[in-house]
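Take a look at the structure below.
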Amino acid sequence: MQGLKTTALNLSHHKIADTPSMLLKQLDLEKIGDGVYQRQCDRVWWGQGSLLGGYVQSLMLAAMTQELQDESKPALTLHTQFLRPVTDETIRIDVTVERAGRKLSNLRASLYCGDRLAVVATGLFGQQAIHHDFCDIEMPNLPKLDNDETAHLPNVGLDAHNHFDFYPRIGNFERGIGQAHVAGWLQPSWQQSVNNELLALVADLWVPAAFHYWPSDVGVVGLDSYVQFRANPYQLANSHCPLFLSLSTKQASNGYVDEDGLIWDSSGELLCQYRQMRLVLDM
């Protein structure tokens, strides 16, 4: 990502002709063999020279979910490593069910772009039940969205950002100013129910918190992402957008930078936790 500018947008403005099933359509995969899926990708979820990493995560999750074919076992974790950029061409995802137990299943997926291995991922899927539950993480007590509020678009050259409205609450999109902790509301510009595929996408969407420490000629490339899905299917079915995100970076060292994130729904239900490692680049 390169320089950041803040662009104000009207809350009621839809920047593209999105449809209610836009993300679902973009995750449609054709099964062409045992555990083998393919898709002709386009630039709907384009980043800077490649597909947005969060969208690629969603594709990997969609492929593993389709291969498992077990609604009683929703995704619990998704671990993704990016070997090379994924571009707008035909991709192939090979999925293997490593173990299918009574309560838990482990899957592995490999994404090939132009016949070159580009992404590898593992997923843990499992049955859920109330069992000594507690949660010590609360959503920050910050202002809710107002119908008259103006959205802000981070102008960093990512077409994928055009499908969402951003409402910062901690920090903003200015480079070199503030702390490496940001938070805010995120609203899709199409009608979207909350599901794990959306969360996997959003977990790589907000501008990195570390950008507050760096000038505009410093960028990042995602290398490794680990997502934990914290909600059960009932909670997801009753969750609604907008989503609230909180992101923080503890350290950048030796050419790499970390980021930890939390995602809540509009009612304050914790839906997702994630952690990323990115490569730091001079642009």
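Below is a table of values for the structure above.
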read-out	value
Cα-derived Rg to Rh of the stretch 76-137, Kirkwood definition	1.15
3J(HN,Hα) from dihedral phi, the stretch 152-165, Karplus parametrisation 6.51/-1.76/1.60, rounded to Hz, x for glycine, proline	10, 9, x, 8, 10, x, 9, 4, 4, 5, 5, 9, 9, 9
Residues of type aspartates and glutamates that Lys31 reaches as a straight line, Cα spacing below 20 Å, ignoring anything fewer than 8 places off in the same chain	Asp42, Glu67, Asp70, Glu71, Asp88, Glu89, Asp94, Glu98, Asp115, Glu197
Over the chain: helical MRE at 222 nm, DSSP H runs n ≥ 4 each giving -39500 (n - 2.57), nearest 500	-3000 deg cm²/dmol
Residues Tyr256, Tyr37, Tyr112, Tyr167, sorted so that the one with the fewest Cβ neighbours within 10 Å comes first	Tyr256, Tyr112, Tyr167, Tyr37
Per residue convex hull volume, Cα atoms of the chain, in Å³	132
For the chain, size of Cβ-based charge dipole, Lys and Arg +1, Asp and Glu -1, in debye	360
Binned Cα-Cα distance frequencies in the stretch 128-283 - 5 Å width, integer %	2, 8, 18, 22, 21, 14, 9, 4, 1, 0
For Arg39, Arg116, order by how many other beta-carbon atoms lie within 10 Å, fewest first	Arg116, Arg39
Dipole of the chain, positive end: most advanced residue of Met22, Trp264, Thr87 [Cβ charges, Cα centre]	Thr87
Distant-in-sequence amide H partners of Trp46 (H built 1.01 Å from N, under 5 Å)	Leu52, Asp159, Ala160
Per-residue Cβ neighbour rank within 10 angstrom, fewest leading, Val280, Val95, Val220, Val56	Val280, Val220, Val95, Val56
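Just so you know, all these numbers are worked out from the coordinates, no wet-lab data involved. A quick note: this is a predicted structure, and the numbers were derived from the prediction, not measured. Note that we place each Cβ from the backbone using ideal geometry, even for glycine, and neighbour counts take in every protein chain shown.
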